[in-house]
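In what follows, a single structure is set out as structure tokens and then discussed.
The values are calculated or read from the model by the stated rules, or taken from the named source; none is laboratory data. No experiment lies behind these values; they were computed from the predicted model shown. When we count neighbours, we look across all protein chains shown, and the Cβ atoms used for this are built from the backbone with ideal geometry, even at glycine.
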Amino acid sequence: MSIKTKTATIISIFVSLLMGAISVIGHHYVIEVLKDEVAKQQSALLSLVAGPLDEQIAHSRHMLEHLALDLADKDLRDTETNRKIISLWKDKQHFNGGLCIIDTKGRVVAKTGSEGAAPTKSLLNEDYVSFPLKHGKTFLSNPYIEAASPHHPMVTLSVPIVHDGRAIGVLAGSNDLLHDSYLADLNKLRIGNKGFIYLVNRKRMLIMHPNQRRITETILSGANPGLDSAIESNFTGSMENTNSMGAKGISSFKPLVNADWILAIHYPLSEAYAPISRINYFMAAMFCMAFVASLVIAYFVTGKIVGPVVRLTAHVKKLSAKRGEGRFIHIDTRDELGSLAAAFNEMILQMDEKQELLHENRELYKILAEFTSELAILFNPDKSVRYVSGNCLKLTGYTEEEFHGNPRFLEKIVHPEDLDAWLHHCELPDEEGCGRSFDIRIITKNGETRWFNHVCHTVVASDGSRIAIRASFRDVTHRIILEQRLNDQRVFSESIVDSILTPVFVIDADHKVIAWNRAMVELTGKAAADVLGTSLQWQPFYGDQRPTLSDLVLDGLNGDIERCYQHCFKDPFVKKSIRCEQWFEMPNGEKRYLILDAAPIFSDGKKVAVVETIYDITERKTAEDSLRLFSEAINQSASSIIITDLEGSIQYVNRKFCEISGYSKEEILGRKPPVLDPEQQSPQLYHQVWQTLTAGDAWQVQLMSRKKDGTAFWQTVTVMPVTDPDGTITNLVIAEEDITELRNNERALRKQQAELVVKHEELRNLFRQVEQGKREWEKTMDCIDDMIILVDGQDHVRRCNKSFMEFCGISYTGLISSKWPDLCASLGFTFDRDSRKIEFHHEPTNRWFDLSSYPYGDADGAVITLHDLTQIKLVSQELFRTYEDLKTTHKQLLQNEKMASLGQLAAGVAHEINNPIGFISSNLGTMGKYLERLQGIIAAQSAAINDTAPAEVRTEIAELSARCKLDYILNDARSLLSESTEGAERVKHIVQNLKSFSRIDNAESKYMDLHECLESTIMVAWNELKYKVTLVRDYGELPQVKCFPQQLNQVFLNLLINAAHAIKERGEIRIATWCEDKTACIAISDTGCGIPPEVIGKIFDPFFTTKEVGKGTGLGLSISFDIINKHKGTIDVTSEPGQGTTFTIRIPVE
């Protein structure tokens, strides 16, 4: 390429690069704007979908809460009424999975929908039941698979049914995620051609997805980075993301307001950025056109400039033919080209110097090559050997002279099998052959074959011309031998797997089949070549693609194994292997019962492969099922069956034989039956039996046998031979029919026929009398209000009176011969039918009955009477309730009387203490004044004595004052008076609080400061609190409340004393007050032992206490509850066992 062309090309490239840079910047800006607009539109679309979805969830919650309020006043035990309420509810279509009402024990008391009968087991373990019952709040469940057919995924919204502040049940509405609903409608929305919307909760469980099989699937952390950000960082918006299936796209996320769910859109990048691809194609076309135009313009411009350069180029081309001064060029253009010519001439001089240096380096390279472990050979361009390293003798046994003497010497020592590859390598062009290494065998001079790794490189001169080829041969014999051994071991292992008679296949870590033995080919009909290297191991066993057992074991999805296979368990002999078995339909349509064993293979602690072994036990399974059915049929036969060997020894008897004979299987096995025992039969009969059997015929006779207890009975005995496939008799089968009753009946019949003739006339007369008596008794029984039924020994109704017919609503003919137990079941009678006398409640009519059963005759018949106790029962219940209310009222009156007496006593004590305390306070004040005057007088006397008295007198007085500690007494007297005054004030304050606490409430309430009531109560209870309680007051702003102060003091005292008793050693009681929504709130909390959940619902019941006998009446909290209700307030309790309890009182402010 000429310099003109190069220059034009460079200029064109520069211009193109400049234009390209500008285009790239503009293109990048446009692309970013487009991406931002796509993301904004997708986020806006997601918001449009999320808004109605949030409204639907809120609407569903509101409807359920409204229905729960209607059910709060209903009796949840009335199943029929509750079922009608929810069945006729106008908004039930919002819950296509049905509605159900669940009581506090987790039992479904009413249900709608098409799921079948209500479940009988408790649902307390379900979070949508336990959460509303425990916390009294609405709960939206995780998606789950419905237990009943058709096993669709469901979500359930549940609200508590609250009555008098307590949860008495749960109302749950379910949505089938596969049927038409506002959730299922999400699957109908499409974003473009391949985009879709899905719904997931914060536990990563899929709630809605276009692939319905993925619903309820948990997305692993890290599988969807965008979802991870939405869950962990509350990300809202759009981003480029890779979803859990590895598909790249634009993902948008928006959390819902009314549910702990996240709505997401995934839009494939290829579809979202399709307009960007079209812009890319357009920009590329414009760039190419600009490049061609700049190239043409630059070519014509540079032609004027590069003339001297062309002359310089021609001189350089002929330089090799020039010598001496002719190698130099003279160009005087006074520009860069002239400088280039001068530099060229200088380069010629430097080349002469470098030739001398090159000669010296060649000698140095030869010395260094002698010390390497590789055989180095330098070839001239004509393939002749220029240089051979000195270690050639050590590696090959040949000298340097042998290599130099024959240019094709290497072809003679290369192994014949590798010669063609060597010759082909030598014929390759330098750009293909040089730098590429390969292994080749060389035969050394002593005949040994050694492996060498050969690589060659072209040696070029400074002008770029090829001057030699350097070839190196590295001895790799040891490596090749190891590789061959490893390959032999692999082939041997594969042959072992292929020769195993049991079907076996192996998959690697990428779920690709790496082994498929001949037994697998025979079982599945799939050739190994069709399966190896693929992930088609599922095709022989399933109609559509799904993971095999080995795939599940490889991925560690043990939970999915139990869902995909019927019978699964861990192999006790192989660690971490799984065994499953079930029926499979093979590709040829044949059903086979297979056992699958999947065992993982580990390398450095990681699963690298899984071996799956398959055992075909179809024939054994079929035989076992047939044998089990045959054995069960014989065992359940109505005839006695005996199987013996040819010697007559019993090997098997069925259940009927044991029932008739009285012998157990253990007692009879090994013995001979009478018909085959020569000691129990006549020789003629015994001979006749065996003669018939050996002829292959069955023999039958009627004979008398005896049971274990000696009872004689008649039976028909049939003896039949059992033969093997060759016709040889192997066993005998004896069938026995008990005909004792038949023979007895025959004798009785003959006797009765004779007696009937005699008694026929007598019976005719008796019949007329009996018929007359029957009519009279029937009329008598029909006049009785009690129901009377006559049943026989088989529980058939023989007679009944008119009252029973009217109760049943069935005609007399319809009742006669009816089964008494079946009739009881249809009428709703539930009682123990073995009892002779019992009271029971009839639920359908809400009536009580007294049932009496009187046996009659020698049979098991009975006369049954039903007496209606409903009125008596109602009166008794009312009397019992009245009695219980009177007892409760009586004890409460006693308690109130005690509190009133205590208040009067406290008021009297306070009054009696108040008078002397007044004297003491007054006297202490006067004493203080007296002391001040005495101190003034003593000070004046001391001053006068010091001024006028002789020194001896002053000394004596000073000593006397010191001995009597006069100064200390005067100072200490002030302290004693101060402490006494403070003590008197404290006693006065206690008395005031005691009077405030014990004052008797008037008939009318009055406005009081609740803080004052609390403080007076604390002072009274302080003796119980001060030794083990730290009291914390957290008072807020409270207005005055219209109340009965003494009654509230009693409530506060009960709560404080209970809190102190709940603290074993040391603890804290916190009293907090505040005002909200015109309600005064008082919370008393402790850090005691707490209240167990099973008794927290009973603490306000009268006489319920957890304290020891004699330490509690059980009325404190009950009375407190009544007092707060009297004030139109509420008292609530929350408790955590081991953490403490909080009672919260709320009283309205008028």
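Tally up the residues in segment 531-587 that are among the aromatic types (Phe, Trp, Tyr) and part of a strand (DSSP E or B), please.
3
Give just the number: which of (1) touching a Lys or Arg at 6+ places or on another chain (Cβ under 8 Å); (2) crowded, with 19+ Cβ neighbours inside 10 Å; (3) under 20 Å from residue 264 (Cα atoms) does residue 160 not satisfy?
(3)
Every residue, every condition in (1) part of a loop (DSSP other than H, G, I, E, B); (2) acidic (Asp, Glu); (3) surrounded by 15 or more Cβ atoms within 10 Å (Cβ to Cβ), yes or no:
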residue	(1), (2), (3)
1064	yes, no, no
1088	yes, no, yes
1092	yes, no, no
1119	no, no, yes
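Conditions: (1) more than 49 Å from the chain's Cα centre (by Cα); (2) under 21 Å from residue 807 (Cβ atoms); (3) in a helix (DSSP H, G or I). Residue 849 meets all but one. Number of the miss?
Going through (1) more than 49 Å from the chain's Cα centre (by Cα); (2) under 21 Å from residue 807 (Cβ atoms); (3) in a helix (DSSP H, G or I) one by one, residue 849 breaks only (3).
Just wondering, is there one or more residues in segment 736-748 that are in contact with a strand residue (DSSP E or B) (Cβ under 8 Å, 6 or more places away or on another chain), surrounded by 14 or more Cβ atoms within 10 Å (Cβ to Cβ) and under 17 Å from residue 648 (Cα atoms)?
Yes.
Output the residues belonging to segment 416-467 that are surrounded by 12 or more Cβ atoms within 10 Å (Cβ to Cβ) and modelled with pLDDT under 75.
Residues satisfying the conditions are 430, 433, 434.
For segment 540-577, give me each residue that is in contact with a Pro (Cβ under 9 Å, 6 or more places away or on another chain), crowded, with 19+ Cβ neighbours inside 10 Å and of a type in the set (A, V, I, L, M).
553, 554
Considering only residues that are of a type in the set (S, T, N, Q) and in contact with a Pro (Cβ under 8 Å, 6 or more places away or on another chain), which ones fall in segment 178-200?
187
Residue 871 - would you say it is modelled with pLDDT of 75 or more and either of a type in the set (S, T, N, Q) or over 29 Å from residue 830 (Cα atoms) (or both)?
yes
Restricting to segment 955-968, name every residue that is surrounded by 11 or more Cβ atoms within 10 Å (Cβ to Cβ) and within 24 Å of residue 931 (Cα to Cα).
Within segment 955-968, 957, 958, 961, 962, 965, 966, 967 qualify.
For segment 718-741, give me each residue that is in contact with a helix residue (DSSP H, G or I) (Cβ under 9 Å, 6 or more places away or on another chain) and either of a type in the set (A, V, I, L, M) or in a loop (DSSP other than H, G, I, E, B) (or both).
Correct list: 719, 720, 729, 732, 734.
Between a first residue in segment 618-630 that is among the hydroxyl-bearing types (Ser, Thr, Tyr) and a second residue that is at pLDDT 75 or above, which pairs have beta carbons less than 7 Å apart while being 6 or more apart in sequence or on different chains?
618/592; 618/593
Looking only at segment 2-14, decide whether some residue is outside the structural domain of residue 191 (by TED's automatic domain parsing), at pLDDT 80 or above and in a helix (DSSP H, G or I).
no
Hey, which of the strands (runs of 3 or more DSSP E) in segment 777-842, taking only ones fully inside, have at least 3 residues that are among the hydrophobic types (A, V, I, L, M, F, W, C), in the same structural domain as residue 861 (by TED's automatic domain parsing) and surrounded by 14 or more Cβ atoms within 10 Å (Cβ to Cβ)?
By residue number, 787-791.
If you take the residues of segment 975-992 that are farther than 10 Å from residue 924 by Cβ and either hydrophobic (A, V, I, L, M, F, W, C) or surrounded by 14 or more Cβ atoms within 10 Å (Cβ to Cβ) (or both), which of them is modelled with the lowest pLDDT?
992
Could you go through segment 801-813 and let me know if any residue there is within 60 Å of the chain's Cα centre (by Cα), among the charged types (D, E, K, R) and more than 26 Å from residue 80 (Cβ to Cβ).
The answer is no; no qualifying residue exists.
Check segment 199-211 and report whether any residue there is over 28 Å from residue 563 (Cα atoms) and either of a type in the set (Lys, Arg) or in the same structural domain as residue 57 (by TED's automatic domain parsing) (or both).
no
Results for (1) over 18 Å from residue 1016 (Cα atoms); (2) out of contact with any Gly (no Cβ under 7 Å at 6 or more places or on another chain); (3) among the charged types (D, E, K, R), shown as yes or no for each residue.
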site	(1), (2), (3)
1043	no, yes, no
1051	no, yes, no
1067	yes, no, no
1119	yes, yes, no
1122	yes, yes, yes
1130	yes, no, no
1133	yes, yes, no
1136	yes, no, yes
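Looking at residue 277, is it surrounded by fewer than 22 Cβ atoms within 10 Å (Cβ to Cβ), touching a Ser or Thr at 6+ places or on another chain (Cβ under 9 Å) and free of Cβ contacts under 8 Å to residues at least 12 places away in the same chain?
yes
Here's the yes/no breakdown for (1) without any contact (Cβ under 8 Å) to a residue 40 or more places away in the chain; (2) touching a Pro at 6+ places or on another chain (Cβ under 6 Å); (3) of a type in the set (A, V, I, L, M):
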residue	(1), (2), (3)
43	no, no, no
70	yes, no, no
74	yes, no, no
83	yes, no, no
95	no, no, no
107	yes, no, no
126	yes, no, no
129	no, no, yes
143	no, yes, no
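Taking the condition of being aromatic (Phe, Trp, Tyr) and surrounded by 12 or more Cβ atoms within 10 Å (Cβ to Cβ), how many residues in segment 916-929 meet it?
Residues meeting the conditions: 0.
Can you tell me which residues in segment 227-270 are part of a loop (DSSP other than H, G, I, E, B) and either on the phi < 0 side of the Ramachandran plot or hydroxyl-bearing (Ser, Thr, Tyr) (or both)?
233, 235, 236, 243, 244, 245, 247, 256, 257, 258, 259, 260
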